[in-house]
Amino acid sequence: MSARIVVVAGVTAAGKTAAAIAIARRRGGELVGADSVQVYRGFDVGSAKPTAAELGEVRHHLIDVADPDAPIDAATYAALADRAIAGILARGRLPIVVGGTGLWLRALVRGLVELPKPDPALRAALEAEAEAVGDAALHARLAPLDPRYAAQIHPHDRRRIVRALEVLAQTGRPLGEHLAEHAKGAPRYATETYLLDRPRAELYARLRARIDAMIAAGWVDEVRAIVARWGRDVRPLHSVGYRQLLAHVEGEVSLEEAARLAYKATRIYTRRQRTWFTGEPLGGAWCEAETLGR
């Protein structure tokens, strides 16, 4: 097993970056991002990317390392993070992995389960079904067949819904069972884990204030610039928050409605993060960010 690393995970807006920086200052660490949007260049405001002051205070890795059209999946992330962690350890520093993208953290700490390769014909049929009935309806079909995995993914996350149904058809077993069985194996790293959350009312107030602050800081212009340079179909532009701002930029909803929808989607996302990390064998316990700064 590799040397011990610190993992700071948990829900959006709980204060993960500030807590990780506090640990790094106190213990001589460097940060390794685990955020599937912050990894992309140009996605600054809406991803709550660390500020210039934060980036200058403590060395960060895996922030702004790819263009938005680059395909970075969990396996690619784990390989990048492995290299960053090896470099940090070689410098005699403490690797502190921080972020809320659960699948990426799973890939890094536990590795990925071996599954059959995608079946082109089966995938095409499922994609056609999704087009015909909608992502939410396909998610509703998945839910009773694979309740564990369905609870962890968004009803409009077509890519993961299709993959789950594909694995079920190929193996006769739910993807959630495959993942749970794999999680019982030996981890790739020994971890000191902190899962950050806040009381619901406080967290939701922080979410609302953060969305308002992002819009005031130029989030709409950021989305326009991304569309102008990269087009509307790059994957991170359809992440939580960006998807709703994109609808405004394309004239589908008012800015006020986009903000409301972004807040609602982010609240739902925090519930999914809470469910995910509660079920992950990362160790650690739920706590508030301020307890890590002491």
What are the residues whose amide H is under 5 Å from the amide H of Gly284, where those residues sit 5 or more places off or on another chain and H is modelled from the backbone? Thr193
Please give me the summed charge of the neighbours of Leu195: other residues whose Cβ is under 15 Å from its Cβ, Lys and Arg +1, Asp and Glu -1. +1
Rounded to the nearest whole number, the per residue volume of the convex hull around the C-alpha atoms of region 196-287 in Å³ is 112
Return the long-range amide H neighbours of His61 (sequence gap of 5 or more, or a different chain), with a cut-off of under 5 Å between placed amide H atoms. Leu31, Val32, Gly33
Quickly work out the Ala201-to-Ala124 label distance, labels modelled 7 Å from Cα along the C-beta direction, and quote it in nm with one decimal. 5.6
Can you work out the base-10 log of I(q)/I(0) for region 84-173 at q = 0.12, 0.15, 0.18, 0.19 1/Å, using the Debye formula on its C-alpha atoms alone? -0.49, -0.67, -0.83, -0.90
Charge dipole of the chain built from unit charges on the beta carbon (Lys, Arg +1; Asp, Glu -1), centred at mean Cα; most positive-end Cα among Thr291, Ala19, Ala130 is Thr291
So which trypsin sites (Lys or Arg not before Pro) in region 89-193 pass both tests, a DSSP loop state and at most 14 other Cβ atoms within 10 Å of the Cβ? Arg91, Lys184
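Using only DSSP helix segments of four residues or longer, with each worth -39500 (n - 2.57), what per-residue ellipticity at 222 nm results for the chain after dividing by its residue count and rounding to 500? Don't skip to the end; give the middle numbers.
Working: 13 runs with 157 residues, N = 294.
Per the formula, -16500 deg cm²/dmol.
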Please give the contour-minus-distance gain from Glu114 to Ala53: 0.36 nm per residue of separation, less the Cα-Cα distance, rounded to one decimal in nm. 17.9 nm
Residues whose placed amide H lies under 5 Å from that of Val39, excluding near-sequence neighbours: Asp64
So if I take the centroid of the Cα atoms in region 20-74 and the same for region 195-233, what is the distance between those two points in Å? 16
Under the Karplus relation with 6.51, -1.76 and 1.60 and θ = phi - 60°, whole-Hz ³J(HN,Hα) for region 35-46, x at Gly and Pro, equal 10, 6, 10, 4, 5, 9, 5, x, 9, 9, 5, x
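Dipole size in debye (nearest 20) for region 201-271 around its Cα centre, Lys and Arg Cβ +1, Asp and Glu Cβ -1?
320
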Can you work out the Karplus-derived ³J(HN,Hα) for every residue in region 257-269? Use 6.51 cos²θ - 1.76 cosθ + 1.60 with θ = phi - 60°, whole Hz, and x for glycine or proline. 5, 4, 5, 4, 5, 5, 4, 4, 5, 6, 4, 4, 4
Linear extension gain, Ile268 paired with Arg235, 0.36 nm per residue minus alpha-carbon span: 9.9 nm
For region 128-139, in order, what is each residue's ³J(HN,Hα) by Karplus, 6.51 cos²θ - 1.76 cosθ + 1.60 with θ = phi - 60°, in whole Hz (x at glycine and Pro)? 5, 5, 4, 5, 6, 10, x, 4, 4, 5, 5, 5
Pairs of Cα atoms farther than 33 Å apart, the chain, %: 22
Listing Tyr149, Tyr204, Tyr189 by rising number of other beta-carbon atoms within 10 angstrom, fewest first, gives Tyr204, Tyr189, Tyr149
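Values quoted throughout were computed directly from the atomic coordinates according to the rules given, and no laboratory measurement underlies them. On a predicted model such as this, the values are computed, not experimentally measured, just so you know. Neighbour counts run over all protein chains shown; Cβ positions are idealised from the backbone, glycine included.
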